Amino acid sequence: MTPRPSFSPRKALIKHRIRAFFDLFAVSTGLLQLHERRMRRGLTILMYHRILPSEQCIEYPLESLVIPSDVFQKQMQWLAGHCNVMPAREAIEALATGRPFKKPLVAVTFDDGYADNFEVAAPILETQGLRGTFFITSGFVADGAPLWYDRAADAWQRMSHAARKGLARLNSMPSTDIRTWMAWLKQAAPDVRINLVEKAESLAGGSISRGLYRPMSIKQVTALSKRGHEIGSHTVTHPILPQLDDALLKDELERSAQHLSEWTGTDVIGFCYPNGDLDERVERAVLDAGYQYACAMHSGFNRRAVLTRLARLPITMQRTVRGGCTHDALGFRAELCRFRDWIR
Ligand SMILES: [Zn+2]
């Protein structure tokens with residue numbers, strides 16, 4: 001059975017038209033520009049994962065994690081012309097001064113450490129004179145083994161509908177939707193999770209093809225740092241941190257910073273919670289491990305930096321790309337200034 005792509009250009013086009021109506025209303029009444037002026041009062045942190053060619057984005061199991069490279073290029077071009085873009089570390093320092101900004105302060109961040117971040121995203125940023133922050137899962141880069149959620153999502157997409165139904169029934173999952181599968185795995189104990197991922201891979205007819213899910217190399221992490229990008233930590237193995245005991249938590253936080261410091265020759269002060277999962281114990285451990293700020297995954301605007309819970313704005317295909325994978329210029333502006341929060 002041919003796997004169905006998770007991103008439907010037709011559905012996306014209908015949704016886009018509804019959003020476009022509100023965006024046009026906002027820009028013609030000045031509402032959008034009002035929201036854009038408000039951006040100058042704080043820090044907007046953008047969250048990206050992967051930048052890939054359009055055809056790979058359409059087939060990608062989790063469409064919220066990819067942006068087409070030509071769309072990303074146009075987004076960065078717009079930011080370069082209208083915003084003050086800097087790595088998160090510098091942007092947080094600028095926010096702490098409390099001084100107003102002439103242009104909106106924006107940080108562009110990437111999670112996980114995929115090869116496309118180095119090969120595709122960084123050159124686009126640099127062409128526009130921009131620098132970003134890359135949160136690296138150090139064990140992923142060091143050994144190249146695919147991350148558990150990529151294995152899980154990829155296997156689910158390759159499985160037949162009957163196999164999905166069987167696995168869902170066996171685990172009392174309410175639906176066979178990929179989001180339900182991923183959410184179910186996240187709350188499972190680590191050993192149960194990995195057993196299920198292996199079961200799904202066997203039902204899908206084999207393990208993940210590594211090519212699409214390659215991490216960058218250690219040399220590439222070093223090169224990014226030398227070229228002025230910030231390297232932050234995203235743990236060693238990308239676990240769900242609140243599930244770990246104190247010793248394992250400390251190890252994930254400290255060992256990752258050690259790896260990255262060795263590779264870049266600089267202090268690593270930025271952290272990003274895998275899957276955005278955190279609690280007060282995890283926040284304390286992050287500070288105890290020597291990090292000075294940590295990005296979460298809740299959407300928001302940072303007026304005063306709550307340093308262990310910085311909000312980020314997810315830039316997704318659904319929200320910023322038209323059907324057919326073309327750049328939605330007004331939609332990107334409407335997301336960026338958070339006008340779309342009012343209509344969601
Ligand atoms: Zn991640």
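Tabulated data for the structure shown
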read-out: Long-range neighbours under 6 Å by Cβ, at least six apart or interchain, first residue within 11 Å of Gln243 (Cβ to Cβ) and outside the structural domain of His238 (by TED's automatic domain parsing) within segment 187-199, second in a helix (DSSP H, G or I) and of a type in the set (A, V, I, L, M); value: Arg193/Leu185
read-out: Boolean, Asp111 is of a type in the set (D, E, K, R) and surrounded by fewer than 23 Cβ atoms within 10 Å (Cβ to Cβ); value: no
read-out: Residue within segment 73-83 that is within 17 Å of the chain's Cα centre (by Cα), crowded, with 22+ Cβ neighbours inside 10 Å and under 20 Å from Asp341 (Cα atoms) present; value: yes
read-out: Residues located in segment 143-178, provided they are within 16 Å of the ligand (Cβ to nearest atom) and either over 30 Å from Lys226 (Cα atoms) or in a helix (DSSP H, G or I) (or both); value: Trp148, Tyr149, Asp150, Arg151, Ala152, Ala153, Asp154
read-out: Filtered residues of segment 226-235 (kept if surrounded by 18 or more Cβ atoms within 10 Å (Cβ to Cβ) and either away from the ligand (no atom under 12 Å from the Cβ) or over 23 Å from Gly276 (Cβ atoms) (or both)); value: His229, Glu230, Ile231
read-out: Checklist (1) buried (at least 21 other Cβ atoms within 10 Å of the Cβ); (2) within 16 Å of the ligand (Cβ to nearest atom); (3) of a type in the set (A, V, I, L, M, F, W, C) applied to Ala183, failing item; value: (1)
read-out: Options Cys325, Cys337; residue that is in the same structural domain as Phe72 (by TED's automatic domain parsing), at positive phi and in contact (Cβ under 8 Å) with a residue 24 or more places away in the chain; value: Cys325
read-out: Failed criterion for Glu126 (all others in (1) touching a Lys or Arg at 6+ places or on another chain (Cβ under 9 Å); (2) within 29 Å of Lys226 (Cα to Cα); (3) surrounded by 17 or more Cβ atoms within 10 Å (Cβ to Cβ) hold); value: (3)
read-out: Filtered residue count, segment 7-21, keeping only those that are surrounded by 18 or more Cβ atoms within 10 Å (Cβ to Cβ) and either at pLDDT 85 or above or under 21 Å from the mean Cα position of the chain (by Cα) (or both); value: 2
read-out: First in segment 174-185 and under 17 Å from Glu63 (Cβ atoms), second anywhere and of a type in the set (Val, Ile, Thr), Cβ under 8 Å, 6 or more apart; value: none
read-out: Helices (runs of 4 or more DSSP H) (entirely within segment 242-344) containing at least 3 residues that are surrounded by fewer than 22 Cβ atoms within 10 Å (Cβ to Cβ) and more than 16 Å from the ligand (Cβ to nearest atom); value: 246-264, 280-288, 329-336
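The values are calculated or read from the model by the stated rules, or taken from the named source; none is laboratory data. Since we're looking at a predicted model, the values are computed, not measured. Positions of Cβ are generated from backbone atoms using ideal geometry, with glycine treated the same way; all protein chains shown enter the neighbour counts.
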